[in-house]
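Report on the structure given below.
The values are calculated or read from the model by the stated rules, or taken from the named source; none is laboratory data. Computed from a predicted model, the values in this text were never measured in an experiment. Virtual Cβ from ideal backbone geometry, glycine too; neighbours counted across all protein chains shown. These area figures cover heavy atoms from the full protein model, side chains too; ligands, DNA and RNA do not enter into them. Shrake-Rupley method; radii C 1.70, N 1.55, O 1.52, S 1.80 Å.
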Amino acid sequence: MPITITVPEETTARFVVAADRTPGDVATAVRQASAGGLDAAVTERLGTPALMVTAHGAATSPWNLSRVTSTDGDDAERALRAAWHVGVTSVLPVSDLPHGPHIARGAAEALAESLGGITVDLDTNQVLPSTSRPDGFVLADDWTGTALPPYRNDGRCTAGEDEIDGCSCVGLATRGLRRFGLPDLEITGVACPHDLAALNILRTTAQRLLPLGRHQGEHILHSELVLTSADFSAFWGIREQIWDDGPVPVRLVRTGPRRLAVRAPEDFPGTLNEWLWDELPPVLHHFLRCEPGGAVPD
């Protein structure tokens, strides 16, 4: 069955800098803090819908940071206790994707550095653990809001390590793809030993769909989407091939108005976990991260 993706005319990206102080002149502070690779783009957009910056005391802030998560618990606590919230909001036509959100985030990160604050991505509800690359947008720079779950369901999973279909503990879902004009993605029913492979399939699918978000209107796709090594490389912002095997077909299934599930191809005779184990390039089972300019693991 075909899948219809409706790309809106415009999208919104939102960030908050949580800090214990705020600059007297927010616009000047943003310009000064953004000096570097993004300074010209920030100066051009500042004060327009593409880059709006406002400061609020935490007590009267329109942004609730009480449920913000972080890979570092101290950062989430700092965000919660901060005295000031400086919001950076970008409302963009989809033709300005994905670079518009990248510029807005760069401005927020620069401002956080100058204020000694924490950058919160409101679309993923997470403290950003890393700084985005000033020289270009890369989806791997914590834009998808998904990561590996606690190992073995936080120790509760009793299935054997060598059982291909021993459990279904893992469910992964993206958050934040809507600011790129796309539905969010999920994969569920995954056995613990295949969690990284499932995460990499989500990453590659998101990258494959990313260019579609720049074109407003309805797009009818075949439910089977073909993923390539080039898609996975582009997710990390590298050109080197990551796998030498052929393309990987996946099936997209609508599970909500703005959500698609990623599943095994319809003609695959086995289960999702058998597909993850038998049909994917082996590198997807151990490729966790790739630093900018880093080598691809063997």
Review point. Out of all the residues in segment 110-122, is one or more assigned to a loop (DSSP other than H, G, I, E, B), modelled with pLDDT of 95 or more and within 23 Å of residue 259 (Cα to Cα)?
Key: yes
Exercise for review: Looking at (1) surrounded by fewer than 21 Cβ atoms within 10 Å (Cβ to Cβ); (2) in contact (Cβ under 8 Å) with a residue 24 or more places away in the chain; (3) among the hydrophobic types (A, V, I, L, M, F, W, C), find the lone condition where residue 40 falls short.
Suggested key: (2)
Review point. Quick check, is residue 294 open to solvent by less than 80 Å² (accessible area, probe 1.4 Å) and at pLDDT 95 or above?
Key: no
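So that you can scan it fast, the table gives a plain yes or no per residue for (1) among the acidic types (Asp, Glu); (2) over 27 Å from residue 92 (Cβ atoms):
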| residue | (1), (2) |
| --- | --- |
| 221 | no, no |
| 225 | no, no |
| 228 | no, yes |
| 246 | no, yes |
| 258 | no, no |
| 263 | no, yes |
| 266 | yes, yes |
| 271 | no, yes |
| 282 | no, yes |
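Would you say residue 242 is more than 29 Å from residue 163 (Cβ to Cβ), outside any strand (DSSP E or B), open to solvent by 10 Å² or more (accessible area, probe 1.4 Å) and at pLDDT below 95? Write out each step before concluding.
On the way: more than 29 Å from residue 163 (Cβ to Cβ): no; outside any strand (DSSP E or B): yes; open to solvent by 10 Å² or more (accessible area, probe 1.4 Å): yes; at pLDDT below 95: yes.
Judged against the criteria, residue 242 is not a match.
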Check your understanding: Out of curiosity, is residue 283 touching an Asp or Glu at 6+ places or on another chain (Cβ under 8 Å) and open to solvent by less than 60 Å² (accessible area, probe 1.4 Å)?
Key -> no
Review point. In segment 99-107, is there at least one residue being among the β-branched types (Val, Ile, Thr), over 20 Å from residue 178 (Cα atoms), under 18 Å from the mean Cα position of the chain (by Cα) and not in a strand (DSSP E or B)?
Key: no
Check your understanding: Can you find a residue in segment 28-36 that is at pLDDT 95 or above and open to solvent by 70 Å² or more (accessible area, probe 1.4 Å)?
Key -> no
Review point. Hey, any hits in segment 76-88 for a residue that's touching a Pro at 6+ places or on another chain (Cβ under 8 Å) and of a type in the set (Asp, Glu)?
Key: no
Exercise for review: Looking only at segment 219-239, count how many residues are in contact (Cβ under 8 Å) with a residue 60 or more places away in the chain and open to solvent by 60 Å² or more (accessible area, probe 1.4 Å).
Suggested key: 2
Review point. From the list 139, 177, 210, which one is open to solvent by 10 Å² or more (accessible area, probe 1.4 Å), of a type in the set (A, V, I, L, M, F, W, C) and modelled with pLDDT of 90 or more?
Key: 210
Practice item. Check 183, 149 and return the single one that is surrounded by 20 or more Cβ atoms within 10 Å (Cβ to Cβ), in contact with a helix residue (DSSP H, G or I) (Cβ under 8 Å, 6 or more places away or on another chain) and either more than 15 Å from residue 210 (Cα to Cα) or at pLDDT 95 or above (or both). Key: 183
Exercise for review: Give the residue, chosen from 221, 272, that is of a type in the set (A, V, I, L, M) and at pLDDT below 95.
Suggested key: 221
Check your understanding: Is one or more of the residues making up segment 123-136 touching a Pro at 6+ places or on another chain (Cβ under 7 Å) and crowded, with 17+ Cβ neighbours inside 10 Å?
Key -> no
Study note, to complete from the structure: Result of the Cβ filter at 8 Å on segment 9-29, keeping first residues that are among the aromatic types (Phe, Trp, Tyr) and partners that are open to solvent by 10 Å² or more (accessible area, probe 1.4 Å) and part of a strand (DSSP E or B), at least 6 apart or interchain, is 15/89; 15/119
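Could you run through segment 1-43 and say how many residues are of a type in the set (D, E, K, R), outside any strand (DSSP E or B) and closer than 21 Å to residue 101 by Cα?
Filtering segment 1-43 for residues of a type in the set (D, E, K, R) gives 9-10, 14, 20-21, 25, 31, 39.
Now drop any that are not outside any strand (DSSP E or B), which leaves 9, 20-21, 25, 31, 39.
Add one more test, that the residue is closer than 21 Å to residue 101 by Cα, and what stays is 9, 31, 39.
Here the count works out to 3.
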Review point. What are the residues in segment 70-121 that are surrounded by fewer than 16 Cβ atoms within 10 Å (Cβ to Cβ) and closer than 18 Å to residue 141 by Cα, if any?
Key: 71, 72, 99, 113
